[in-house]
1. How many of the residues in segment 169-197 are within 30 Å of Asp406 (Cα to Cα) and aliphatic (A, V, I, L, M)?
2. Return the total of residues in segment 115-139 being among the hydrophobic types (A, V, I, L, M, F, W, C), surrounded by fewer than 18 Cβ atoms within 10 Å (Cβ to Cβ) and part of a helix (DSSP H, G or I).
3. Can you pull out every residue in segment 324-358 that is open to solvent by 40 Å² or more (accessible area, probe 1.4 Å), within 20 Å of the chain's Cα centre (by Cα) and of a type in the set (Gly, Ala, Ser)?
4. Name the residue that is nearest to the chain's Cα centre (by Cα), counting only residues in segment 456-471 that are in a strand (DSSP E or B) and farther than 13 Å from Ile421 by Cα.
5. Find the residue count for segment 59-93, including only residues that are aliphatic (A, V, I, L, M) and closer than 14 Å to His119 by Cα.
6. Among the residues of segment 226-247, which ones are open to solvent by less than 60 Å² (accessible area, probe 1.4 Å), out of contact with any strand residue (DSSP E or B) (no Cβ under 9 Å at 6 or more places or on another chain) and at pLDDT 60 or above?
7. Restricting attention to segment 57-77, which residues are hydroxyl-bearing (Ser, Thr, Tyr) and surrounded by fewer than 18 Cβ atoms within 10 Å (Cβ to Cβ)?
Amino acid sequence: MNNHHLKKPTNSHSHFSFNHNNLLPQIADEMSNPNPNSNPTAGEPSLPALPFPDFPEDVQLCILSFLTPSEISSFASTSKRFLSLCRDDSKLWFSLCHRRWGSDTQIAKWGSGMITFKHLYRTLHDYENLIGFWRLSSGHIQIQARNPNAVPNKPPALVFFEWGPFFITGSRVSPSDSGNYSVIKSPFLWMGISPKGEIVNFLQPNSDLQIDPDSIPDPIPDPVPVSDPISELVSVDINNLGESHIIIEERVSFDLSRNLNAMNEDSIGSPPDRVTSEIYQHFANRTSPGGETSWRRQRRREREKQGNRKWDSEHFIKIVNHSPTTSRPLQGIWKGICEDANLDFYLVAYDDIGGIACRRIGDACKPFSSYAPVFWTSNTTFVESPFSSEEEHIYETREHLLPPGDVLCSEMESVSRILYINSSYDLVIPGLAGPNSVNPHQVEGRIWEYGDGTFGFGFLRDNHIIDLKHIAVDGCLLDAMQPS
């Protein structure tokens, strides 16, 4: 078969295998040279060539669903027939949405089925980056702690975004107090699309009040009636500061970003006249006679409005590498029983210069607990078995911290390799591990990697090992439970 033809399948069960990056030039060649001579390989039977325009429409849609929107636009310019096909929202753009997100969410239910699939594709493309784990920004925690006028909400230290039936769900993920490896998953944020195509986001600021996700109506009303069971939800905006940084802030009576999102994405124009009027009024009040009094009055009204807010703006950072890989086996989010017999979350990350650092993801309301350093190392070379008698003694004389009734499994009893680490003490207390330190072993520790891919860590100053387990596998939370 030459480079200009897709051959006709020999039976109904045959399928096409191709690289979609090369598909557009191939389709163009197909149309410009529909009947070139076939050059079959010796001994291979000659099959009749079938130009792309002669494919059944459902096959064409299946192939085109692998293209990007920009490639669709280029392909649409090749003929009037394909222009009509590419403009067919219920066929082509539904195929694009269904192939990409059909297994994750109910495509036809978004916006109560009253929005175009082209608009839905663009919205879900932006939402897709949210899926996964996000942590509360440690820098913003400190700022909030110093602000006496901060809204007394309890921001989640760890958030997990996932697909819902017709919305995106953001859930608080926190350690349970049951003394085992169970984690509490509590939905608190819902992101959807109204039947008019506008972005609608609602947040539950009170972590003690639980709302059943199944009670979320379709469509989500905006504003929510007071009599509705979800009237406790707060309308918020999710603003992106790059691909790995978002701000969740309460939506005010007038929000420029909301109005711009509601505008037609293809339209070009100036912001609403109200914005221009407010900007002019702001500067006029500062410069005109008597404007100082008006400006102070306006600032007082703004402070009163902020005092009525139910949610203070919070910054979240995406945890991009939340699962281990072959080259980075310790990477990811882990959970383990600590010295106080409580469950804690840990984030292990590899830096750009080859080092490894572990930090605790804790309660944002507890001082020094959120994103606190635990251990680090600049040398990622493991010590392979067999181990020295000294290393075997260090491991065997330590107790594993496990939930009550749990027994150490055989895979964890078998240590595959060891990594030398340092305590966080020499990170937060400079000079502790230096030459003047009384006992340098106070900051020295080990990581013991087990046969099942998990690991435990401990320090020479202690007599125990904290064994870490996966918090999620393949994007699914393990041992998740609903709050009581």
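The values are calculated or read from the model by the stated rules, or taken from the named source; none is laboratory data. Fair warning: this is a prediction, and the values are worked out from it, not measured in the lab. Glycine also receives a Cβ, built like all others from the backbone with ideal geometry; neighbour counts cover every protein chain displayed. Each accessible area value is taken on the protein alone, full model and side chains, heavy atoms only, with ligands, DNA and RNA left out. Shrake-Rupley method; radii C 1.70, N 1.55, O 1.52, S 1.80 Å.
1. Within segment 169-197, the subset within 30 Å of Asp406 (Cα to Cα) is 171-187.
Narrowing the set further to residues that are aliphatic (A, V, I, L, M) leaves 173, 183-184.
Counting residues in segment 169-197 that are within 30 Å of Asp406 (Cα to Cα) and aliphatic (A, V, I, L, M) gives 3.
2. 0
3. The answer is Ala349, and nothing else.
4. Taking segment 456-471 and keeping what is in a strand (DSSP E or B), we get 456-459, 464-470.
Next cut, farther than 13 Å from Ile421 by Cα only: 464-470.
On the way: His464: 34, Ile465: 31, Ile466: 27, Asp467: 26, Leu468: 22, Lys469: 20, His470: 17 Å.
Step by step, filter segment 456-471, then rank; the result is His470.
5. 1
6. Here is the first cut: in segment 226-247, the residues open to solvent by less than 60 Å² (accessible area, probe 1.4 Å) are 228, 230-231, 233-239, 242, 244-247.
From what is left, the residues that are out of contact with any strand residue (DSSP E or B) (no Cβ under 9 Å at 6 or more places or on another chain) are 228, 231, 242.
Passing the criteria: Ser231, Gly242.
7. Answer for segment 57-77, where residues must be hydroxyl-bearing (Ser, Thr, Tyr) and surrounded by fewer than 18 Cβ atoms within 10 Å (Cβ to Cβ): Thr68, Ser70, Ser73, Ser74, Ser77.
Okay, residues lined up against (1) touching a residue at least 40 places away in the same chain (Cβ under 8 Å); (2) farther than 18 Å from Phe160 by Cα:
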residue	(1), (2)
Thr326	no, yes
Ile333	yes, no
Ile337	yes, yes
Val348	no, no
Arg360	no, no
